[in-house]
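Engineer: First the structure, which I've put down as structure tokens, then a few questions once you've had a look.
The values are calculated or read from the model by the stated rules, or taken from the named source; none is laboratory data. Please read all numbers here as calculations on a predicted model, not as lab measurements. Every residue, glycine as well, gets a Cβ built from its backbone with ideal geometry; the counts of neighbours run over all protein chains shown.
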Ligand SMILES: Nc1ncnc2c1ncn2[C@@H]1O[C@H](COP(=O)(O)OP(=O)(O)OP(=O)(O)O)[C@@H](O)[C@H]1O
Ligand SMILES: Nc1ncnc2c1ncn2[C@@H]1O[C@H](COP(=O)(O)OP(=O)(O)OP(=O)(O)O)[C@@H](O)[C@H]1O
Ligand SMILES: [Mg+2]
Ligand SMILES: [Mg+2]
């Protein structure tokens, strides 16, 4: 795990002026997000936010527990089906729909986790990939997903019964709120006593056991939390686009979220957000160009791994400016 | 604490312990009693099965047969983490720290569990600050107070071992298993660690593997010699070191 | 000493791990047939010195000449052929290979090495466990294997990094005897050792390292005079 | 009235890099441009522009592009829309934005069924037409006992179910079926089961690579030589070409277009071939027709305003190289004749793209669901 | 008529044989993966793409240079092996020192690039490739009609698998390779040119994938996507066999091919997940895989 560990942020390494500047940056970012829908395309922004949350949820597992899941699409896409079905067929309000999506994803995470956490490293990646693939086939064949057609025309409904989410701005701020809650939850988990144990497990598993920690339970806990948060992103996305389709459960989606995280910076809080923004923009932009999208995605993957391993935020943190802001971390 | 009353109490015992690896029996017929407030050494030639015995006692390995009792409870089928929570904590032959945590954090991670601060994913890390005093106190006692904010990875090998012992101690274990705590340590640290162990053993049971016979002679109340997975001799240093079989199998003819 | 006798000469050796500068100009010489021990506290750069000489650590500057070869220029896989054998501190036993495969792995560089029978004679533990996987051996057995591996291939000079660490006294004694035998056969040895008692018995000469530099060098005969200083620096 | 923004913009949104890239792909874009040129390049003296994007088979990417096209790029209509999930999603958005979409690339009848739109049109084939063409017409040609190899998901089931219905309606019999997972590579096991059933026709209710692999392996196991017929329910000229005549010979399939049917189609095929190096299949030809008809409608009503153009599209007959006397139902379904084809033996082929014998013509009224029975609320 | 599990014994035997044929491809592919993983510690996500390249190489050699199947059987793996060598030499090599996951991520990207490029130039519906004359036709085995070509696939794959296994497990070269996996620098300091060895190994592994590809070309549609779905199944096989165990990969490849074949008869709907189900069960009982060494 050598290289993955190094880029993680350590709270102790920040200086107090750094902290102040970070705070200012944070406030600026927040302001940016609030005025963004007035200049950018709201649906696009919402999509970025959903994927950013998804990537952050994924990163909770990879960056802070050292487990590379190649099956996170199952939680993202699974939740999007659960939410879509609950909202469309049962007519539940949007907030309950998302909650059901989250619960569904967490449950799925629990089941997959029980198998997957028995192995580490590459094995873990392969096992999650295979399990997610099983779930994909389930979704493909199950009646309620409508196969290739997907669940279409999912109503957004009224938040808390009175906020009309069909208004793009209402929807945007709803998504933004969910996004912020999700990110805060991740930040909280990472910087919590529990997060500390996760980190120590990643560093030296045997030692953690010998200190009395039931390592597999912590891993399972982290896995389920990550799945639930990925589900939060998936459920929200369903409401944004008003459909749930097979694309979100296919393994290529698991690959995409890895790309986003890698691109932004594994083990940084804000990296995956940038990564997600970049990838989503790219997909949109390239759709209209003659250049095949997959080829470019693949190239970016390769380049990142070879020369850009810390990702955008990771490189920034490690740069001189980053150091001045107190972001540089122990190598 | 009525230490004297507890003096002879057996806290950890193994009966007819055996472990096979494929066709090879690494540990056979081992009976051990570890007493409260005593330092017990496990010595023997390389490959005798000492580390394996440690792994069995701490449940990192499952015995092929035999029973293990810790503080009166049968732990033969218990998980390693649970055993640790019951008060049996070990160190490793190859040093085991959390390299990218600071020295302070290393100790705090251990303190978290008894402090009930392990699973709280909804609370701020700052809640851990209340463990700092205790952690610093421990680090002082082993002479690591200057390195509190360094990453464990930056410590020299010997200091890492000291840190490992501090971490282990912070759990306030009832039984301490140390696998070659002095290996690779410079002379200056050996003395200090020996002192720490002696201090610790006043209120706890210690079982240690060590090849440094000077330390063993100096520190240990009781010695068990293993050879080829079986117990060759037992007793205090004088008994053991004069045993002809032990000299041939382990100590050599050199009067070290 | 005459230049002709010098088998290994190291001049102004600097070495880095990434950005951290660990060796600051190490100078040392080893004559043919001599056993030299490097002493020093933990972390002064002893291991790093050996790793730089062999070329496992590539980020280095200075001059290293061995047996007429400029080791600075040689790719790593050509170094062994010059007759230099390295036994690393971490032993480097391969878990996917059996003990015997481990032993037979390095290609021979000359015919002067020990035969496999001699080796098994010397380390009966290895003979017993020869078909089991290399890393299933105990720590001490692995140390024996690592040494045995280099004895077989017939090198002119051995670099040994703490060969006695974690070994039972009886084995240490055996290794001491082995090293004596090798010496008599004319083997040149550069040894790093924490176990001063062991080292003092076989070394012809000592170097003391402090902070990435060789701070002193002296003959075994001068040892008694130097004890005070060693005590101060090493605590022995 | 008049032309909004002084330009008519048509967006061709389809898969150009994924599994369905050969279905319509970038060649559909080419077909659309041909239609604009054939129309004269302008309509009501205003410029016509065709733009394209690759939705990568991702409905969310497609939805994003569609919204952006409508809101910011002033696109007036979106066409082609390969793959059901995308077509349905974009049709939903078009409906909400009151814009026209004409689907040629997707198969699902839901587009003109319960998810129909007053501004949505389905131009080329659909699963129902394929089932009628291959199922019904083949029985009349002597293939009266059937065994299905069905892809194990909704698309496969509906193809199998609809085809079975026409087989039995025409006096044939279904002896059995086996469901194979999507994206299997090896079909020999299923083929052996089909062979053992003794059915005269083996129906392949799947698509793309699955169908191609099944056909290739059937030829390997001598199934066609053994006297059984293979019928691919969704297969087009592009895929036949990819498979090669050697492996595909004897295969029956239904398409809505064949270049070598009459002089007009040959002329069109040749021009298309000159530009792209391949002959058009029904999706590409359908896209050509859709663009052309859309422009004709604008010209007729004198505006590109959605309601008016939709109304015209519903009313105007379709007469071009693709469809003769085609008409559009109230549910948006364009009704025209389909053809049952059989792939020639390599020895009978006269040229590179000379693949089909036309076995039968399936009249549009038979091929497509009656609007009133489609389940579309607009056609009640 | 004798019945087994409700189907005639003839049909049962036929299906067993079909499963074995399928297993032959699994075995060859998982063998290549296992070698690359075992020796380079890289999960070669591009393996499916290299399999596809093998088939395409055969097809292109035929259309461009008129190279026949037999020659292609040698040339295609060589060509793809060389591309593998280039990839290793200029990229993969830099990743060995890092966490293994980076190897996986890199080859994942590589697979996207290769498949995307081929799709861009050759479309998605595939290209024809005919069975070689010598092996076309079939024989009636009494219980089934066996295309001769498939019989050839079984035999050829067994030869390849056993040969490769012997090379790695029983030769000195194999010992170097295995040792180099664990500690390349040390092995190099023993006087062995490790970088070269590893390069050749990746070449060998991708060449094996290509060999499977060219062997598949006459029976499976030669298409840019032919490897991308297969590869995940093959991963599962390698996990079941025990990652890094070469014997495990081979045996499990054949065994799961047969199991999958039988599932296609008894419960066809499950035939795509049966391997994953087995994988889950194996992991519960033996986390290191059937042939894996305990960590
Ligand atoms: N891989 C590495 N990366 C960075 N720094 C290193 C690395 N290995 C060693 N060091 C540092 O280099 C310095 C010299 O280390 P070296 O291993 O040469 O010491 P040594 O004298 O052999 O000590 P010991 O007796 O503990 O083996 C130490 O400060 C150590 O922390
Ligand atoms: N997992 C295993 N599989 C097979 N054999 C093993 C395994 N672990 C240890 N052994 C064997 O068991 C024997 C005892 O090993 P152990 O590590 O307990 O020795 P030790 O007494 O600790 O030696 P040392 O003092 O050298 O560390 C050795 O011969 C070793 O090869
Ligand atoms: Mg040991
Ligand atoms: Mg050292």
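Engineer: Just need a number here: residues in region E:226-270 that are outside any helix (DSSP H, G or I), modelled with pLDDT under 85 and within 14 Å of chain D (Cβ to nearest Cβ).
Structural biologist: Adding up the residues that qualify gives 3.
Engineer: Pull up region E:183-210, narrow it to residues that are in a helix (DSSP H, G or I) and within 20 Å of residue C:135 (Cβ to Cβ), then point me to the one that is farthest from the other protein chains (Cβ to nearest Cβ).
Structural biologist: By that ranking, first place goes to E:184.
Engineer: If you don't mind, there's one more thing I want to ask. So residue B:45 ticks every box in (1) more than 18 Å from residue B:234 (Cβ to Cβ); (2) modelled with pLDDT under 90; (3) touching a strand residue (DSSP E or B) at 6+ places or on another chain (Cβ under 7 Å); (4) within 13 Å of ligand 2 (Cβ to nearest atom) but one. Which box is left unticked?
Structural biologist: With (1) more than 18 Å from residue B:234 (Cβ to Cβ); (2) modelled with pLDDT under 90; (3) touching a strand residue (DSSP E or B) at 6+ places or on another chain (Cβ under 7 Å); (4) within 13 Å of ligand 2 (Cβ to nearest atom) applied to residue B:45, the lone miss is (1).
Engineer: Sticking with this structure for a sec: Would you be able to tell me the number of residues in region A:278-307 that are without any contact (Cβ under 8 Å) to a residue 12 or more places away in the chain, within 21 Å of residue A:52 (Cβ to Cβ) and surrounded by fewer than 20 Cβ atoms within 10 Å (Cβ to Cβ)?
Structural biologist: Adding up the residues that qualify gives 1.
Engineer: Also: Tell me, yes or no, whether region B:180-196 has at least one residue that is at pLDDT 85 or above and closer than 21 Å to residue B:48 by Cβ.
Structural biologist: no
Engineer: Any residue at all in region D:90-111 that is farther than 24 Å from residue A:288 by Cβ and not in a helix (DSSP H, G or I)?
Structural biologist: Yes: one or more hits.
Engineer: Let me ask something additional. For region C:85-97, give me each residue that is out of contact with any strand residue (DSSP E or B) (no Cβ under 6 Å at 6 or more places or on another chain), more than 8 Å from chain E (Cβ to nearest Cβ) and at pLDDT 85 or above.
Structural biologist: The one that is out of contact with any strand residue (DSSP E or B) (no Cβ under 6 Å at 6 or more places or on another chain), more than 8 Å from chain E (Cβ to nearest Cβ) and at pLDDT 85 or above: C:93.
Engineer: Continuing with this model, one more query. Checking residue E:180 against (1) in contact (Cβ under 8 Å) with a residue 12 or more places away in the chain; (2) surrounded by fewer than 22 Cβ atoms within 10 Å (Cβ to Cβ); (3) at the interface with another protein chain (Cβ under 10 Å from one of its Cβ atoms), which test does it fail?
Structural biologist: Condition not satisfied by residue E:180: (2).
Engineer: Kindly indicate which of C:163, C:169 is under 22 Å from residue B:251 (Cα atoms), within 16 Å of ligand 4 (Cβ to nearest atom) and at pLDDT below 90.
Structural biologist: Answer to the check: C:163.
Engineer: Also: Given the residues E:76, E:49, E:34, which is the only one that is assigned to a helix (DSSP H, G or I), touching a helix residue (DSSP H, G or I) at 6+ places or on another chain (Cβ under 7 Å) and away from chain A (no Cβ under 14 Å)?
Structural biologist: Result of the check over E:76, E:49, E:34: E:76.
Engineer: Considering only residues that are at positive phi and within 16 Å of ligand 2 (Cβ to nearest atom), which ones fall in region C:34-91?
Structural biologist: Scanning region C:34-91 gives a single hit, C:91.
Engineer: Tell me, please, whether a residue that is under 22 Å from residue D:355 (Cα atoms), touching a strand residue (DSSP E or B) at 6+ places or on another chain (Cβ under 8 Å) and in contact (Cβ under 8 Å) with a residue 24 or more places away in the chain can be found in region D:265-282.
Structural biologist: Yes, that holds for at least one residue.
Engineer: Moving on. Specify which of the listed residues (A:314, A:275) is at pLDDT below 75, in a helix (DSSP H, G or I) and surrounded by 21 or more Cβ atoms within 10 Å (Cβ to Cβ).
Structural biologist: A:314
Engineer: Please list, ordered by first then second residue, the pairs with beta carbon atoms under 7 Å, 6 or more apart or interchain, first in region C:115-132 and within 14 Å of another protein chain (Cβ to nearest Cβ) and over 11 Å from residue C:98 (Cα atoms), second at pLDDT 85 or above and surrounded by 14 or more Cβ atoms within 10 Å (Cβ to Cβ).
Structural biologist: C:123/C:148; C:127/C:120
Engineer: Would you be able to say whether some residue in region D:187-209 is over 25 Å from residue E:267 (Cβ atoms) and part of a helix (DSSP H, G or I)?
Structural biologist: No, the conditions are met nowhere in region D:187-209.
Engineer: Take residue A:307 and decide whether it is at pLDDT 80 or above and within 14 Å of chain E (Cβ to nearest Cβ).
Structural biologist: So residue A:307 passes the test.
Engineer: Give the number of residues within region E:104-140 that are outside any helix (DSSP H, G or I) and more than 12 Å from chain D (Cβ to nearest Cβ).
Structural biologist: Number of matching residues: 1.
Engineer: Test residue E:223 against the stated conditions and say whether it is crowded, with 24+ Cβ neighbours inside 10 Å, within 13 Å of chain C (Cβ to nearest Cβ) and touching a strand residue (DSSP E or B) at 6+ places or on another chain (Cβ under 9 Å).
Structural biologist: So residue E:223 fails the test.
Engineer: Check E:60, E:31 and return the single one that is at negative phi, at pLDDT 90 or above and more than 12 Å from the chain's Cα centre (by Cα).
Structural biologist: None of the others qualify; the one that does is E:60.
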